[in-house]
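Participant: Pasting a structure here, questions to come.
The values are calculated or read from the model by the stated rules, or taken from the named source; none is laboratory data. Quick caveat, the model's predicted, so the values are computed rather than measured. Don't worry about glycine lacking a Cβ; one is built from the backbone with ideal geometry, like all the others, and counts go over all protein chains shown. Ligands, DNA and RNA are stripped out before the accessible areas are found, and what is left, the full protein with its side chains, is counted by its heavy atoms. Shrake-Rupley method; radii C 1.70, N 1.55, O 1.52, S 1.80 Å.
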Amino acid sequence: MRAKNSEWLTHEYFRTYRIANAVDTIMRDPFAYLRELEGLTVDDGIIDFLPHWQKDSALHKFIRFIADDIFMDDSHGPSRVPYGPDPVHPQWILPADLAMMNYGIIDEPLFFIPDDPSGGVPVNHPEGDGNTDPYFVQNACYHYLERLPLLQVYEDLMARIADEVFFVMFTNRRALASLNKFLSMYLDGFSPEYFTEEDKELTKLFAGEGELKRVRPPIWARRAVFYRDRGRCTGCRVNLSGLIDTFDVANYDHMIPLARGGLNDVTNLQLLCERCNKRKGDRIHIPSNHYRRWY
Ligand SMILES: [Zn+2]
């Protein structure tokens, strides 16, 4: 699921901030969007989030879900962008195709938006013939977009977008905590005994009902969180880099505690000094929103 060539990313910023904004808006009040989020959480959708320390983090999965929704919505407009050498008489394509071309996933559009057969004359207009389908263009776009998610190129696009949006959102501890809090609701009270036969493997991830096992964060996750939080306690701002072993596991706090349905996920970690960590215990508290300036 992750874009290949994993150490370096080339950003194109295609709808990156729009998608980040949608993710943030939904995370601020997930209950207002429960219907939209159903695809992610009903029918055992939560199972994908359970395995420990996936590089394809909870946020990556969430971003793909939202980005897909935004691209699929383009049939409503339809949103269209000009394409071709003639700026006066361009062909029109959908943003999904433009995005895939921007990322170098495809060389040419897969779909051209057809002309409106009514010439834009409303169907009931006296000059119209009354027979043309007023939804012809919308439907054509819809049918294309309906097939698109079955293609590898689209999966590649979602992976690229997820990596980019993750990059700009990973510093936002409060948004990450909200995401993890939202997911924890589905875990809380989740009993391994509900697993179907084929998911029985997942039982061993659990310490008990609604509680995942404590598993040491891998070095890549510790490094990411250490650099994001600049080696400082996110609570009292004390410098942890000189005081302790940089990669001491004890300083990596689960923002949403495992005991409260938290995930073993890089997006659920923050740096805390021992004192702040002890004081926090197994309570859920809002992570700090103070950051050191770049300069
Ligand atoms: Zn502290």
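Participant: Just need the Rg to Rh number for the chain, please, alpha carbons only, Kirkwood Rh.
Facilitator: Rounded to two decimals, Rg/Rh equals 1.06.
Participant: Using the Karplus curve 6.51 cos²θ - 1.76 cosθ + 1.60 with θ = phi - 60°, work out ³J(HN,Hα) for each residue of region 25-31 in order, rounded to whole Hz, and write x for Gly and Pro.
Facilitator: 4, 5, 5, 6, 8, x, 5
Participant: Considering Cα pairs under 8 angstrom that are at least six residues apart, work out the relative contact order of the chain and quote it in whole percent.
Facilitator: 21
Participant: Quick one: Debye curve from the alpha-carbon atoms of region 156-235 only, equal weights, vacuum; give me log10 I(q)/I(0) at q = 0.11, 0.14, 0.21, 0.25 Å⁻¹ to two decimals.
Facilitator: The calculated log intensity ratios at q = 0.11, 0.14, 0.21, 0.25 Å⁻¹ are -0.46, -0.73, -1.13, -1.15.
Participant: Now for a separate question. Return, in residue-number order, each cysteine of the chain whose C-beta is not under 4.7 Å from any other cysteine's C-beta.
Facilitator: Cys141, Cys236, Cys276
Participant: Given the pairs Lys181/Lys213; Lys181/Lys280; Lys55/Lys181; Lys61/Lys280, which span a C-alpha to C-alpha distance of over 22 angstrom in this model?
Facilitator: Details: Lys181/Lys213 17 Å; Lys181/Lys280 16 Å; Lys55/Lys181 19 Å; Lys61/Lys280 28 Å.
Exceeds cut-off: Lys61/Lys280.
Participant: Now for a separate question. May I ask which residue of Gln152, Leu258, Gly235 lies farthest towards the positive end of the charge dipole of the chain, with charges of +1 (Lys, Arg) and -1 (Asp, Glu) on Cβ and the Cα centre as origin?
Facilitator: Gly235
Participant: Tell me the angle of helix 58-72 to the major Cα principal axis of the chain, expressed in degrees between 0 and 90 and rounded to the nearest ten.
Facilitator: 10
Participant: Whose amide H sits under 5 Å from the amide H of Leu269, counting only residues 5 or more places off or on another chain, with H placed in the peptide plane?
Facilitator: It is Met255, by chain and number.
Participant: Let me check something: with ligands and nucleic acids excluded, how do Arg223, Arg293 order by accessible area (1.4 Å probe), largest to smallest?
Facilitator: Putting Arg223, Arg293 in descending order of accessible area: Arg293, Arg223.
Participant: Leaving out ligands and nucleic acids, note down the accessible area per residue over region 202-295 with a 1.4 angstrom probe, in whole Å².
Facilitator: 55
Participant: Taking the Cα atoms of region 202-295, report the difference between the largest and smallest coordinate on each principal axis, in whole Å and largest first.
Facilitator: 47, 25, 21
Participant: Taking the Cα centre of region 1-169 as the origin, how large is its charge dipole in debye, to the nearest 20, when only Lys and Arg (+1) and Asp and Glu (-1) carry charge on their Cβ atoms? Intermediate results must be reported in sequence, preceding the final value.
Facilitator: Working: 12 positive and 28 negative charges, 114 e Å.
Result for region 1-169 is approximately 540 debye, rounded to the nearest 20.
Participant: Rounded to whole Hz and in sequence order, give me ³J(HN,Hα) for region 82-96 from the Karplus expression 6.51 cos²θ - 1.76 cosθ + 1.60, θ = phi - 60°, writing x for Gly and Pro.
Facilitator: Values, residue by residue: x, 8, x, x, 9, x, 7, 10, x, 8, 10, 10, 8, x, 4 Hz.
Participant: Using the C-alpha gyration tensor of region 1-169, what are the square roots of 5 times its eigenvalues, in whole angstrom, with the largest one first? Please list the in-between numbers first.
Facilitator: Numbers: eigenvalues 224, 85, 35 Å².
Three semi-axes, in Å: 33, 21, 13.
Participant: If you put +1 on each Lys and Arg Cβ and -1 on each Asp and Glu Cβ, how big is the dipole of region 193-285 around its Cα centre, in Debye rounded to 20?
Facilitator: Values: 17 positive and 14 negative charges, 160 e Å.
Result for region 193-285 is approximately 760 debye, rounded to the nearest 20.
Participant: Once each part is reduced to its C-alpha centroid, what is the distance from region 18-55 to region 67-116 in angstrom?
Facilitator: For region 18-55 versus region 67-116, the Cα centre distance is 27 Å.
Participant: Moving on to the next point. First compute the accessible area of region 158-244 with a 1.4 Å probe, then give the percent of it belonging to carbon and sulfur atoms. Intermediate values should be presented prior to the final figure.
Facilitator: Working: 2260 of 4350 Å².
The computed percentage sits at 52.
Participant: By how many nm would the segment from Arg214 to Glu201 grow when fully extended, if each residue of separation counts as 0.36 nm and the alpha-carbon distance is taken off?
Facilitator: Separation in residues times 0.36 nm, less the Cα-Cα distance, equals 3.0 nm.
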